[in-house]
1. Counting Lys and Arg as +1 and Asp and Glu as -1, each charge on the Cβ, what is the dipole of the protein assembly as shown about the Cα centre in debye, to the nearest 20?
2. Diagonalise the Cα gyration tensor of the protein assembly as shown and give the resulting equivalent ellipsoid semi-axes, square root of 5 times each eigenvalue, largest first, whole Å.
3. So the label point sits 7 Å from Cα along the Cα-to-Cβ vector; using that for B:THR9, what distances do you get to the other copies, in nanometres, sorted shortest first?
4. Given points 7 Å out from each Cα along the Cα-Cβ axis, report the B:GLN98 to A:GLU235 separation in nanometres with one decimal.
5. Return the FRET efficiency for the residue pair B:ASN386, B:GLN274: r is the Cβ-Cβ distance, R0 is 30 Å, and the value is rounded to the nearest 0.05.
6. What does the structure give for A:55-64 when I average, per residue, the other chain Cβ atoms found within 10 Å of the residue Cβ?
7. Which log10 I(q)/I(0) values, to two decimals, does segment B:407-474 give at q = 0.13, 0.18, 0.21 Å⁻¹ under the Debye formula with one point per Cα?
8. Take the Cα radius of gyration of chain B and divide it by 2.2 N^0.38 Å, with N its residue count; two decimals is plenty.
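Every read-out reported here was derived from the displayed coordinates using simple, explicitly stated rules and does not represent laboratory data. What you see is a predicted model, and the numbers here were worked out from it, not measured in a lab. Cβ coordinates were reconstructed from backbone atoms using ideal geometry, including for glycine residues, and neighbour counts include every protein chain displayed.
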Protein chains: 2
Amino acid sequence: MSKLPDIRTNFAEWYQEVLVQAEVIDASPTRGCFVIRPYGYALWENIQKELDKRIKELGAQNAYFPLLIPKSFLEREAKHVEGFSPELAVVTIGGGKQLEEPLVVRPTSETIIYSMFARWITSWRDLPLAVNQWANVVRWEMRTRPFVRSLEFLWQEGHTAHRTREEAVEMVMRALNVYKEVYENILAVPAIPGIKTESERFAGADSTYCVEGLMPDGKALQMATSHLLAHSFPESFDVRYQDADGSMRVPYCTSWGMTTRSVGAVIMTHGDEQGLVMPPLAAPVQVVLIPIYKTAEERSTLCEKLEQVRRELSDAGIRVMLDANEATTPGAKFFHWELRGVPVRVEMGPKDLASDQVVVVNRIERDKAQKKTMVAHGQAKAFVLNLLSTIQSNLLSNARTRMQSQWYQAEKLAEFGPQLDQNNGLYQTGWCGKAECEASVKTYKGTVRCILQEHNHKTCLHCSSASKSDILVAKAY
Amino acid sequence: MSKLPDIRTNFAEWYQEVLVQAEVIDASPTRGCFVIRPYGYALWENIQKELDKRIKELGAQNAYFPLLIPKSFLEREAKHVEGFSPELAVVTIGGGKQLEEPLVVRPTSETIIYSMFARWITSWRDLPLAVNQWANVVRWEMRTRPFVRSLEFLWQEGHTAHRTREEAVEMVMRALNVYKEVYENILAVPAIPGIKTESERFAGADSTYCVEGLMPDGKALQMATSHLLAHSFPESFDVRYQDADGSMRVPYCTSWGMTTRSVGAVIMTHGDEQGLVMPPLAAPVQVVLIPIYKTAEERSTLCEKLEQVRRELSDAGIRVMLDANEATTPGAKFFHWELRGVPVRVEMGPKDLASDQVVVVNRIERDKAQKKTMVAHGQAKAFVLNLLSTIQSNLLSNARTRMQSQWYQAEKLAEFGPQLDQNNGLYQTGWCGKAECEASVKTYKGTVRCILQEHNHKTCLHCSSASKSDILVAKAY
């Protein structure tokens, strides 16, 4: 175990290294793919649980569609195939034989799902229809980074069909709100809602909504998307229904997804020089109990007492573990669990045992005097519950404060461009809507992350004609 | 919706048809793959929940490994590649380019997982190591049947490494017991534990344990397997650790899996001429409430009252829904939910409302006089809970009785072979252990399903020399 790279000066290396040292991932023999180890997967499982509950509340039911899709299906939606062709993994051999029609490993499932919707939707009574799939997808990326961009990733993809465009737009917004809510309330990661410009839109969508995050290095991360597909896919796949008045109509469709990239967002947003910091509501382990002893006899009485504390906390719904490992010292345990970002540590030594108290340690407090608190055993449960909730809200407000400090109101690209190029950050500015003005930000390695709802900037960042909307410009992951 | 094929005379057609009519699956445009629709997927989710809990209790932690595996990895375990080569789907094109080394879509993950174990296991302190993966796998099957055999299926695969062979054998047996327990106690499907003969062993395993089921048509279904890999894969992938005494050793490994085939086992085991029958502990919907009304006013008061009943049952942890659909008649609703196998139906009409009672209907009771029970509203919750538990245990005992009626003690293949050929069934007989005697059962389309622990039959079914063990012979899915 070597020292972590400096998180301030060497963020990218810190990220790669902390993922491996904290056993979140490991490299794999398949190029561009990595292994999600149990500690990383447990975080993803917690995200899944929270998201799955909310997706069911949206009225979507889970289902499963084939991994392998006939290549011709992708070709039925012209923009879609154009967008995804360069990223496809293609199965050409099956059972030892060359296939007549190659099969594509799904990069997303619109094509196969809308071909099924064509069978399932015949009457207005079949609408709205909402399904969700938890699945793996493959996109042939050349430059990869764990969780952020990899050949294979895990996600959920929701797909819905509606009678009216208004209903579909409402669905798109409700899904987007679920993503924003999970990011902010569960993962303590601030999420900025917006709309993608045409050039950044999902291949085949009418419009793409997104939540964007700003990582500590000042680069933006697209954290989830929600697409109004409207008639594109349903028309390509012949989805039609008989409306109440007898006429045949095409439903308005939506799709929306959130991926294992969320794990990367959590780790980048909260990590520090000691390692990961897990937001309590998603933390695989919320509290770790560590006995501090010299003799075997001390160890045995301390472990007995701490096992009692463990049960008390566990009964209160806290994900807690007792690290009674005999082979490592308390110091090594502190290091181990700090690296893994467990939000609360509870220590107990012989003196604490004698006075029936514990020492509660806050992973994110930097003030030494406030980092540790002696708490009477009888108060431990209430104190820990309260501390977990404080840490959760502090993580969000810290992340918000940091994001605000890197969020600039800007007018002319010529003025803010050099700063973007050198120091990254998020630049809110005006845009006239023309593609060439959007493309101008590339000069400084920027992209337009999204169009915002609020409209404060009156002139275009590039051509100086009237601005139609505010946009956010940043370098992107 | 057409009438279901006769389940007694036409079991295979009944199975295919009930799956589609009850909206468990639908055909997909990918050959040999099907779509798991929400009602089918909900059953799988319930199986997953029960299994996942028990797998965690076994000490295994969930993780995720890449879908695509370099082809050379499969070739490192000679028997493994020989067994799986004919079944592989191979990606030869990625990102528009021919790949230098083709990637195999995982048919199982031993090769990639043991290559990771080689990195993670260095000391005896790293053992035991136990990981589990929930994933999709692809095997290029030619003749497919939904859930039973398809190109792609969903499963969990557990992989463990141990210091001693005894510990590994114990793990294999504990996993097997979890499968037997989930099949019997949750899915009400009797599971016969046994050991596979060499010819039916997992490619690369030292020994393969299994649980076998007997479907109503008298064909056996392999329902889960647990393999003692011992040193095969660890040696091929160079997994070595330093033992406490300083010596370098190879760990003993196991792998074990249960798949979406379990959904097929449930449907085949319990279904009847009216459709599916869901065992209560795994049923997506355990209780459906149906108002029986003539006027809009009746409908409104009945729905109000039934919504109260719904809340009461739901608060008791019952998966309950109120079918208040205005567009369908009560009769159509009965048909709809009987087809889907909901174990308990609760009806309420205006007269029931007046006397504050409900009519509780048992999906599996064939005696008309006992099928329906009037229950006072105040007793409904207790009555329904009790009925669900009765149905659960009756389903298991009915299935056991049926299995026993098709389980024959047999001596000479020449005598029982014609019956096997004509009427299927499970034949317990003796075996000397020779491959040619095992192969002899093929004459009657049989296979040796497993070797049993008990040993009653003294002579070999074929050569008449001394029997080494009892085996079960049956036709297999």
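1. Numbers: 110 positive and 114 negative charges, 22 e Å.
Result for the protein assembly as shown is approximately 100 debye, rounded to the nearest 20.
2. On the way: eigenvalues 426, 283, 200 Å².
For the protein assembly as shown, the ellipsoid semi-axes come out as 46, 38, 32 Å.
3. Ordered by distance, the counterparts are at 8.6 nm.
4. 3.9 nm
5. Working: r = 23 Å, r/R0 = 0.77.
That gives a FRET efficiency of 0.85.
6. Numbers: counts 0, 0, 0, 0, 0, 1, 6, 6, 10, 14.
Other-chain Cβ atoms within 10 Å of each residue's Cβ, averaged: 4.
7. So the normalised log intensities are -0.26, -0.52, -0.72.
8. Numbers: Rg = 25.3 Å, N = 477, 2.2 N^0.38 = 22.9 Å.
The value comes to 1.10.
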